[in-house]
1. May I ask you to order 375-381, 433-439, 514-520, 299-305 by the average number of other C-beta atoms within 10 Å around their residues, highest value first?
2. List the residues whose amide H sits under 5 Å from the amide H of Val698, counting only those 5 or more places along or on another chain, with H placed 1.01 Å from N in the peptide plane.
3. For His80 and Asn838 in one chain, what is 0.36 nm times their gap in residues minus the Cα-Cα distance, to one decimal in nm?
4. Please turn the phi angles of the range 855-868 into ³J(HN,Hα) values with the Karplus equation 6.51 cos²θ - 1.76 cosθ + 1.60 (θ = phi - 60°), one per residue in order, whole Hz, x for glycine and proline.
5. Quick check: net charge around Arg894, other residues with Cβ under 10 Å of its Cβ, Lys/Arg +1 and Asp/Glu -1?
6. Hey, if you put +1 on the Cβ of every Lys and Arg and -1 on every Asp and Glu Cβ in the range 828-948, which of Pro942, Cys834, Val886 ends up farthest toward the positive end of that dipole?
7. Compute the distance from the alpha-carbon center of the range 194-233 to that of the range 58-80, in whole Å.
8. Using θ = phi - 60° and the Karplus curve 6.51 cos²θ - 1.76 cosθ + 1.60, what whole-Hz ³J(HN,Hα) does each residue of the range 792-809 get, with Gly and Pro shown as x?
Amino acid sequence: MASPDIDQTGSEVEPGQPLPLGAHAHMSIGQVTDSTTGQPVPVDGTSVVDSDPSETREWLDSLRYVVNSRGGDRASYLLHVIEQEAYRLGVPIPFSTTTPYINTIPSDRQPPFPGNREIERRIKSIIRWNAMAMVVRANREDKSIGGHISTYASAATLIEVAMSHFIRGRGDDFSGDQVYFQGHSSPGIYSRAFLEGRISEKQLENFRRELAEGGGLSSYPHPWLMPEFWEFPTVSMGLGPLMAIYQARFNKYLQDRGIKDTSKQHVWCFIGDGECDEPETLGAISLAAREGLDNLIFVINCNLQRLDGPVRGNGKIIQELEGVFRGAGWNVSKVIWGEEWDALLAKDEKGLLVKRMNEVVDGQYQKYVVMPGSYIREHFFGADPELSEMVAHLSDEKLKKLRRGGHDPEKVYAAYDAAMKCHGKPTVIIAKTIKGYGLGEVGEGRNVTHQQKKLNEEELRAFRTRFGIPISDDEVAQAPFYRPPDDSPEIKYLRERREALGGAVPSRPKHSPLLKTPSLDDYRAFIDKSAGREVSTTTGAVTLMASLLKDKSIGKYIVPIVPDESRTFGMDPLFKQCGIYAHGAPLYEPVDSDPLLYYREANDGQVLEEGITEAGSMSSFIAAGTAYSSHGVPMIPIFIYYSMFGFQRIGDEIWAAMDARARGFLLGGTAGRTTLAGEGLQHQDGNSQLFAMAYPTVKAYDPAFVYETTVIMLDGMDRMYAKGEDWIYYITVYNENYEMPSMPPGCEEGILKGMYKLRDTEAKPPQGKPLSSKVPQVKVPQGKAMPRVQLMGSGAILREVLRAADLLAEQFGVASTVWSVTSWKELRREAQECRRWNMLHPQSKPRRSYLEHTLAKADGVFVAASDHVRGVPEQLDPWVPGGLFVLGTDGFGRSDTRGPLRRHFEVDAECIAIGSLSRLAAVGAIGPDVVAEAITRLGIDPDKVDAASA
Ligand SMILES: Cc1ncc(C[n+]2csc(CCOP(=O)(O)OP(=O)(O)O)c2C)c(N)n1
Ligand SMILES: [Mg+2]
């Protein structure tokens with residue numbers, strides 16, 4: 001114990017002298033010595049009283065001896081054993097999820113940098129220039145347009161080191177790494193692609209003006225708008241990290257199921273520090289650790305600022321994030337200080353510098369960015385005379401140039417290199433950067449920098465000079481784009497590096513494989529079998545899914561996804577049939593004794609049972625639904641969930657799924673405000689079909705019968721997987737059991753287009769005794785023919801509509817036609833399309849929509865009802881002769897059974913009949929007295945509450 005210590009540079013250190021902290025801090029030794037008292041203090045700067053300093057010293061000496069003679073791993077083991085023993089002895093163990101505010105990888109553990117620093121710096125400078133120029137010019141072109149300069153300015157080194165050395169591109173036999181870029185850093189990504197020759201100067205000019213002649217560039221990563229460039233939409237903060245986690249997990253799923261070898265692919269996700277406040281950013285990080293996603297790398301660009309101001313003025317975002325990620329079980333690598341600090345840290349024998357680094361808060365660190373070196377000397381180092389002394393030999397200019405780690409390529413390289421070598425856990429690299437790096441007075445490190453889009457001539461000149469861009473003083477004011485010639489060392493190097501790494505990133509393939517999907521004829525017997533059975537449409541859809549899972553050509557590509565509701569939807573037989581995906585062999589004996597209910601987890605299980613996370617399930621949907629493109633395997637996600645928790649809760653993710661051109665089925669289970677009995681206000685969905693209306697690539701269906709769900713799902717299979725069209729099929733399915741009818745001949749087209757005639761009901765002349773002595777059958781005023789009632793209905797409410805038709809005929813002598821509407825949205829979409837075409841082609845023969853065509857021969861009054869808000873059927877009003885009278889479920893749900901609920905919302909047969917009679921009265925076919933009498937007769941309280949506002 002008394003032998004001399006050897007420090008890591010090999011020189012001798014006197015026993016009892018602390019090692020330079022920079023050399024050992026990576027082992028998380030939690031204490032340093034207080035400069036004034038000489039007492040050990042924990043690294044967070046709080047004081048503790050050391051009652052026996054010489055004993056403390058002995059312990060520390062022992063530790064140093066072990067580290068120096070046996071290495072860090074041995075020391076780490078001993079500390080672990082000591083901790084275990086202390087715990088057993090009941091000693092309170094100091095807990096800290098954070099380490100000192102210095103780089104995780106000490107300078108002496110940095111691997112050699114393999115690149116050409118000088119050329120890489122020049123390339124990066126040119127990319128910086130063009131990224132800035134693109135925004136400045138867009139804003140000059142039109143003041144309302146611009147973009148973001150400062151985000152990429154802070155992220156440039158983080159992105160460039162990854163692009164030059166790590167991120168692998170798409171090759172012939174390798175689909176590359178998957179990269180989620182920080183959305184607002186897009187100018188830098190375009191700028192690099194410009195140097196690579198993948199984007200033209202014209203496109204750069206038209207940044208954010210996609211409608212300009214010659215085409216432009218979209219503001220952010222939008223695969224929908226740039227389908228051969230962007231792969232992963234990220235700009236809605238928080239969704240990128242969430243989707244990246246599930247993408248990495250899905251890659252493991254593909255591997256474990258033997259569908260594709262993804263073992264060499266990494267998922268990279270670049271994230272803003274402000275973005276970490278979105279619950280979605282951190283919400284799934286424990287899953288990433290639990291699943292051992294060592295194919296996942298998060299890079300958090302901690303420029304300490306978000307849009308308005310500091311992310312944590314009074315705290316330290318890097319430390320906070322370190323604690324969160326370490327606590328969740330990630331491998332955390334902090335990159336805080338650039339190499340200029342190495343020598344200072346090496347001299348920091350008493351740990352004073354680290355203590356100072358720990359105690360300064362982010363708001364203050366931002367101040368150092370905008371102030372001169374003299375301020376840093378006075379306010380940072382000046383806090384302690386010994387620290388002042390430490391930097392006495394450095395000029396103010398040098399102090400100003402002490403870089404942050406995220407701007408030092410070698411530090412960043414070391415962190416990425418270690419991430420590649422980390423097995424069994426995901427890695428997060430938390431890098432400290434400067435927002436608006438290089439913008440100088442106009443924005444560097446300033447709170448306004450996020451919005452900065454304008455640079456005047458002088459500022460442009462300063463930027464040019466700082467980054468050495470060969471643009472003359474005469475030209476600089478124009479902010480011209482600069483691209484060195486193809487045979488310049490920069491372009492050659494840039495291309496060589498990307499070739500060595502497999503190709504350009506980002507890029508999205510033009511072609512993707514298709515499947516042979518089953519036809520409707522293959523499923524005629526399935527449809528016939530459903531007739532006469534008392535089941536729900538949910539059961540119909542799930543049974544169809546179970547059958548498709550057995551299909552030889554598509555079965556293995558189906559990915560059933562469910563957030564802990566399998567039993568609700570009757571999917572539990574799938575557990576046995578396909579297994580639940582769980583990486584690794586099961587380590588326990590399941591409790592279930594019934595083989596049918598057996599919760600069978602398996603390494604190659606097919607069902608993604610995600611637990612209670614619609615957001616996570618949707619992320620899996622997106623990973624699976626884009627696999628046709630990102631992996632070249634046409635996976636077919638079928639995600640079933642409580643319909644209320646779909647568009648309403650994760651609508652933004654569904655939007656991102658469309659942007660990413662995801663394909664698949666969303667099944668909105670337990671749909672309908674009055675059909676999901678008992679669950680009440682928060683569960684009963686009457687909204688999702690309305691929300692779906694606004695989603696361009698969502699085909700939304702609300703079928704009533706099993707044959708309808710079957711026709712729709714098979715059509716989806718055909719369009720998405722056999723024809724390669726980009727759609728998401730949203731189908732609401734209900735949990736009400738009723739007898740399923742046989743499929744009427746020839747209704748397939750109508751089912752897919754949105755409606756077909758289901759039944760004509762003729763008025764029955766009063767027979768024998770009148771049904772009620774009080775209310776006579778409706779009498780048509782003399783000289784008038786009784787108009788027919790055209791009744792439209794969807795989902796579970798279609799049966800109420802059918803019952804209303806019977807009531808009208810039997811009790812009131814009114815004839816009707818019932819239409820089964822399978823998609824309000826599809827009908828409207830096509831009707832709008834025709835209307836628009838007609839507007840623009842006034843001299844051509846007008847087009848007639850399917851809706852108009854179908855209703856052309858239907859006369860009378862039109863009434864519609866569904867289990868959704870009235871706005872859903874009201875979409876059709878402009879095309880319905882005489883207008884559409886709509887009944888619906890506006891308002892809060894209630895816990896009750898279906899009958900009372902349908903009366904409360906006025907969508908039961910009786911209310912639909914009243915609605916119909918009231919329409920007949922409105923057109924003068926009957927008198928208002930008849931409606932009033934019917935209201936009484938059918939037992940409806942005319943003064944009941946209006947559900948819409950109750
Ligand atoms: C969900 C969502 N909310 C708000 C925004 C608007 N927004 C765009 S960038 C930004 C600040 C980003 O800060 P940070 O994540 O720290 O990134 P930085 O630009 O600093 O790198 C905000 C609020 C958004 N894009 N998405
Ligand atoms: Mg930020």
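The values are calculated or read from the model by the stated rules, or taken from the named source; none is laboratory data. Computed from a predicted model, the values in this text were never measured in an experiment. Positions of Cβ are backbone-derived with ideal geometry, glycine not excepted, and every protein chain shown enters the neighbour counts. The accessibility values were calculated without ligands, DNA or RNA, using every heavy atom of the protein model including side chains. Shrake-Rupley method; radii C 1.70, N 1.55, O 1.52, S 1.80 Å.
1. 299-305, 433-439, 375-381, 514-520
2. Ile728
3. Result for the pair: 265.2 nm of gain on full extension.
4. 7, 4, 8, 9, 10, x, 9, 10, 9, 10, 8, 8, 8, 10
5. Once all neighbours under 10 Å are counted, the net charge is -1.
6. Cys834
7. Spelled out, the Cα-based centre of one part sits 55 Å from the other.
8. Ordered by residue, 3J(HN,Hα) equals 10, x, 9, x, 5, 6, 4, 5, 5, 5, 5, 5, 5, 4, 5, 4, 4, 6 Hz.
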